[in-house]
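Peer 1: First, the structure itself, so that you have it in front of you.
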């Protein structure tokens with residue numbers, strides 16, 4: 001399995017940008033990089049995904065390194081509602097999502 | 001609201017019993033996935049169905065089974081329940097079967113407590 005490595009936790013101040021890193025040094029050429037997040041007491045929620053180019057959507061931006069061995073999820077202005085566990089996932093093995101430990105993001109007012 | 005519904009929200013039962021968890025996918029989604037989330041194991045993939053057929057199997061115990069019906073709703077059956085089966089069970093759905101590009105939409109989960 002292609003694995004991802006994320007910090008266990010990060011802290012941010014409200015209204016400041018947050019950069020959540022993910023290392024995936026064994027990524028293959030066809031693996032997409034997906035980010036999901038899980039708010040307290042809720043199911044996981046899709047955030048963004050990409051293959052090679054940087055991606056933007058209304059929730060976040062995804063910056064992918066040129067060698068694709070790492071990526072960064074960028075929340076442009078963190079809000080209290082963004083406090084969640086963020087999962088970086090490589091979708092390669094068929095159809096299931098293989099969740100790791102994720103990064104617990106804490107947002108301080 | 002992801003559009004995926006799960007019932008019941010909470011379930012409390014005793015060891016040795018059997019329960020059924022139900023999931024209705026988003027309109028138009030043909031794939032249904034089941035995941036288990038426990039405190040010590042994290043989120044683990046159990047099984048996937050696509051348009052009524054089993055497509056992929058993960059760490060699903062033999063005591064557990066699932067099916068997807070012609071109207072595309074799915075049921076996860078858990079039997080001979082043990083204390084360790086206490087967990088959150090999530091259902092997700094997606095349009096197709098591509099793990100590489102499809103987005104999975106998760107339901108709110110069913111919290112199972114086995115006493």
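The values are calculated or read from the model by the stated rules, or taken from the named source; none is laboratory data. In this text, all values refer to a predicted model and were calculated from it rather than measured experimentally. Positions of Cβ are backbone-derived with ideal geometry, glycine not excepted, and every protein chain shown enters the neighbour counts.
Peer 1: If a residue counts only when it is at pLDDT below 95, which strands (runs of 3 or more DSSP E) contained entirely in segment B:1-85 have at least 1 such residues? It would help to see each step written out before you state the result.
Peer 2: On the way: elements: B:5-7, B:10-13, B:19-24, B:31-38, B:42-50, B:53-57, B:64-68, B:74-78.
Result: B:31-38, B:42-50, B:53-57.
Peer 1: Going residue by residue through segment B:96-109, is there one that turns out to be touching a helix residue (DSSP H, G or I) at 6+ places or on another chain (Cβ under 7 Å), buried (at least 22 other Cβ atoms within 10 Å of the Cβ) and at pLDDT 95 or above? Don't jump to the end; show me each part of the working.
Peer 2: The first filter runs over segment B:96-109 and keeps only residues touching a helix residue (DSSP H, G or I) at 6+ places or on another chain (Cβ under 7 Å), leaving none.
No.
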